[in-house]
Amino acid sequence: MDKFTLEIKILTKRISMKFSGKNVLITGASRGIGAQIARTLAGYGLKVWINYRSAPEPADALLEEIRANGGEGAVIKFDATNEAEFSEALSLIAQSDGELSYLVNNAGITNDKLALRMKLEDFMGVIEANLSSAFIGCREALKLMSKKRFGAVVNIASIVGEMGNAGQVNYSASKGGMIAMSKSFAKEGAARGIRFNCITPGFIATDMTDALSDDVKASYEASIPLKRLGSTSDVAEGVAFLLSDGAGYITGETLKINGGLYM
Ligand code: NAI
């Protein structure tokens, strides 16, 4: 793509989706869905803060790609389950950019096993990684965004938090908790002009699903009314909408992005 076409493309996107804020932090953004959210939001003109926990290389490479495409961003290292680290990171962003406009709690893990074999530590580990980390992010964002009486948060939950799944008692509890927690944050944040919403992706094609055999993939696809796995872009565009001014009257909502698998 030549530079002129690229500029037109970025401009068109900026016009089609308006944001009153200027920056966004995405947790766990160096790969998968988080990385695509960063690319998409940078394409819409936001400065993206790409969080990673351990290896800097993929986050640095993503930042380079975003800059090469005319976007703006920075990388930031912290463990989203660490209250002090996560809080400090958010404050640092607010200080260096003068505000924190948007947050996407995307970092998450699984640790699947049947309930009868699941130890309490297996359960709590996933709750801490997925739900407690999002709680820290939502609370600190609410504090910082309250100063400007503006902001929006999107929490990436899962279809499994709505319909349950064998082998994922811990994961479904963490994601279902995220949906309920977002509604309560939405009620507390509304008077301060801050919106909290959730996205519940279904089967999304990532490195993980690429490794599945064609037969397994075909059986997944057959069960989805739209007959395909979702793409990371499908999720990222939903995030962009929920953060944008176009969703200014939407809070405490859960947007299903699952091809009709669960309605
Ligand atoms: P992924 O495993 O590729 O990416 C998750 C990222 O979060 C990784 O980079 C990981 O290092 C990071 N992370 C985990 N714990 C962290 C912590 N404590 N601090 C900072 N970073 C941390 O997963 P994927 O598929 O991109 O998923 C992203 C989100 O979407 C997750 O919350 C996942 O539960 C959710 N989701 C994914 C679906 C899928 O089909 N891939 C379906 C439904 C929900």
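From 112, 122, which residue is surrounded by fewer than 18 Cβ atoms within 10 Å (Cβ to Cβ) and either without any contact (Cβ under 8 Å) to a residue 40 or more places away in the chain or within 13 Å of the ligand (Cβ to nearest atom) (or both)?
Details: 122 fails: either without any contact (Cβ under 8 Å) to a residue 40 or more places away in the chain or within 13 Å of the ligand (Cβ to nearest atom) (or both).
Result of the check over 112, 122: 112.
Condition check: farther than 21 Å from residue 34 by Cβ and hydroxyl-bearing (Ser, Thr, Tyr). Does residue 182 satisfy that?
On the way: farther than 21 Å from residue 34 by Cβ: no; hydroxyl-bearing (Ser, Thr, Tyr): yes.
The answer is no for residue 182.
How many residues, within the range 235-252, are part of a helix (DSSP H, G or I) and open to solvent by less than 50 Å² (accessible area, probe 1.4 Å)?
8
Name the residue, out of 161, 167, 176, that is within 24 Å of residue 31 (Cβ to Cβ), within 14 Å of the ligand (Cβ to nearest atom), touching a residue at least 12 places away in the same chain (Cβ under 8 Å) and not acidic (Asp, Glu).
Values: 167 fails: within 14 Å of the ligand (Cβ to nearest atom); 176 fails: within 24 Å of residue 31 (Cβ to Cβ).
Unique residue meeting the criteria: 161.
Please work out which one of (1) more than 16 Å from the ligand (Cβ to nearest atom); (2) out of contact with any helix residue (DSSP H, G or I) (no Cβ under 8 Å at 6 or more places or on another chain); (3) open to solvent by 50 Å² or more (accessible area, probe 1.4 Å) is the condition residue 186 fails and give its number.
Residue 186 satisfies all of (1) more than 16 Å from the ligand (Cβ to nearest atom); (2) out of contact with any helix residue (DSSP H, G or I) (no Cβ under 8 Å at 6 or more places or on another chain); (3) open to solvent by 50 Å² or more (accessible area, probe 1.4 Å) except (3).
Kindly evaluate residue 256 against the criterion of being in contact (Cβ under 8 Å) with a residue 12 or more places away in the chain, open to solvent by 60 Å² or more (accessible area, probe 1.4 Å) and under 19 Å from residue 36 (Cβ atoms).
Details: in contact (Cβ under 8 Å) with a residue 12 or more places away in the chain: yes; open to solvent by 60 Å² or more (accessible area, probe 1.4 Å): yes; under 19 Å from residue 36 (Cβ atoms): yes.
Judged against the criteria, residue 256 is a match.
How many residues does the range 19-55 hold that are within 12 Å of the ligand (Cβ to nearest atom) and on the phi < 0 side of the Ramachandran plot?
Let us first name the residues in the range 19-55 that are within 12 Å of the ligand (Cβ to nearest atom), namely 25-38, 50-55.
With the extra rule that they be on the phi < 0 side of the Ramachandran plot, the set shrinks to 25-27, 29-31, 33-38, 50-55.
Selection size over the range 19-55: 18.
Within the range 204-218, is there a residue that is within 20 Å of residue 20 (Cα to Cα) and either assigned to a helix (DSSP H, G or I) or at pLDDT 95 or above (or both)? Steps first, please.
Our first condition is that a residue be within 20 Å of residue 20 (Cα to Cα); within the range 204-218, this holds for none.
Checked the range 204-218: no residue is within 20 Å of residue 20 (Cα to Cα) and either assigned to a helix (DSSP H, G or I) or at pLDDT 95 or above (or both).
Determine, yes or no, whether residue 76 is buried (at least 16 other Cβ atoms within 10 Å of the Cβ), at pLDDT 95 or above, in a strand (DSSP E or B) and within 12 Å of the ligand (Cβ to nearest atom). Give the derivation first.
Numbers: buried (at least 16 other Cβ atoms within 10 Å of the Cβ): yes; at pLDDT 95 or above: yes; in a strand (DSSP E or B): yes; within 12 Å of the ligand (Cβ to nearest atom): yes.
Considered against the rule, which asks whether it is buried (at least 16 other Cβ atoms within 10 Å of the Cβ), at pLDDT 95 or above, in a strand (DSSP E or B) and within 12 Å of the ligand (Cβ to nearest atom), residue 76 comes out as yes.
Looking at (1) closer than 19 Å to residue 29 by Cβ; (2) in contact with a Ser or Thr (Cβ under 6 Å, 6 or more places away or on another chain), can you tell me which one residue 257 breaks?
That leaves (2) as the condition not met.
Counting just the residues of the range 203-228 that are among the aliphatic types (A, V, I, L, M) and open to solvent by less than 70 Å² (accessible area, probe 1.4 Å), which one comes out nearest to residue 156 (Cα to Cα)?
Quick first cut of the range 203-228, residues among the aliphatic types (A, V, I, L, M) only: 204-205, 208, 211-212, 216, 218, 222, 224, 226.
Those still in the list that are open to solvent by less than 70 Å² (accessible area, probe 1.4 Å) too: 204-205, 212, 216, 218, 222, 224.
Working: 204: 12, 205: 15, 212: 23, 216: 25, 218: 25, 222: 25, 224: 20 Å.
The residue in question is 204.
The values are calculated or read from the model by the stated rules, or taken from the named source; none is laboratory data. Note that the coordinates shown come from a computational prediction; the quantities given were computed from them, not determined experimentally. Positions of Cβ are backbone-derived with ideal geometry, glycine not excepted, and every protein chain shown enters the neighbour counts. Surface accessibility is based on the protein's heavy atoms, side chains included, excluding ligands, DNA and RNA. Shrake-Rupley method; radii C 1.70, N 1.55, O 1.52, S 1.80 Å.
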